[in-house]
1. Quick one: in segment 1-28, of everything that is hydrophobic (A, V, I, L, M, F, W, C), over 16 Å from residue 48 (Cβ atoms) and out of contact with any Phe, Trp or Tyr (no Cβ under 7 Å at 6 or more places or on another chain), which residue is modelled with the highest pLDDT?
2. Just to be sure before I move on: is residue 67 under 30 Å from residue 22 (Cβ atoms), modelled with pLDDT of 85 or more, in the same structural domain as residue 30 (by TED's automatic domain parsing) and in contact with a Leu (Cβ under 7 Å, 6 or more places away or on another chain) in the structure I sent?
3. Do you know which residues across segment 39-70 are buried (at least 17 other Cβ atoms within 10 Å of the Cβ) and assigned to a strand (DSSP E or B)?
Amino acid sequence: MTIQMMHQMPGRVRAVWTLQEEGHHIVKIGESTRGHVVMVPDGFFIAFDGKSTPLGRHQTLRAAQLSILRAADGSDASRFDRWGPVLAIVVGAVAAGLLTMGVVVLSVMP
C-alpha cells in the first residue's frame with residue numbers, strides 16, 4: 001500500500017511522505033530519502049533521519065514527521081558534520097598551546 005502526502009518546506013522543494021506499509025512512513029525531499037517514521041506497538045512514533053539515527057519518540061505522527069523535516073532543513077546538528085574535524089583540530093591546537101605555555105611558566109618559576 002503506497003499513500004503519498006506532500007509537505008511544502010519554506011524555500012525548499014516539497015517533502016513527499018509515502019506510507020510503505022501500515023505504521024511505516026518514509027519521506028523524500030527531491031530524490032533523496034530524508035527519514036522515516038515507525039509506529040511502535042504502544043501507539044507512539046519513532047522518527048529516524050536519513051542516516052537511520054533516532055530523532056526521538058513522539059506521541060503523534062505529525063510531531064515525528066516535523067522532527068524529521070526540522071532535521072532535514074538543517075536546524076539540527078548535521079550542519080556541524082562538515083566543521084567537526086576542523087573544530088577538533090582548532091580546539092586541540094589551542095589546548096596544546098595552553099599546555100605548552102603552562103609548562104614553560106611553571107619551569108621558569110622559582
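1. Filtering segment 1-28 down to residues hydrophobic (A, V, I, L, M, F, W, C) leaves 1, 3, 5-6, 9, 13, 15-17, 19, 26-27.
Still in the list and also over 16 Å from residue 48 (Cβ atoms): 1, 3, 5-6, 9, 13, 16.
Narrowing further to those that are out of contact with any Phe, Trp or Tyr (no Cβ under 7 Å at 6 or more places or on another chain): 1, 3, 6, 9, 13, 16.
On the way: 1: 44, 3: 47, 6: 53, 9: 49, 13: 62, 16: 86.
Checked segment 1-28; the qualifying residue modelled with the highest pLDDT is 16.
2. Values: under 30 Å from residue 22 (Cβ atoms): yes; modelled with pLDDT of 85 or more: yes; in the same structural domain as residue 30 (by TED's automatic domain parsing): yes; in contact with a Leu (Cβ under 7 Å, 6 or more places away or on another chain): yes.
Here the answer is yes, as residue 67 does meet what is asked.
3. Going residue by residue through segment 39-70, those that are buried (at least 17 other Cβ atoms within 10 Å of the Cβ) are 45, 47-50, 55, 58, 64-65, 67-69.
45, 47, 48, 49, 55, 58, listed by residue number.
The values are calculated or read from the model by the stated rules, or taken from the named source; none is laboratory data. Values in this document were obtained by computation on a predicted structure and should not be read as measured data. No Cβ is skipped: glycine too gets one built from the backbone with ideal geometry, and neighbour counts run over all protein chains shown.
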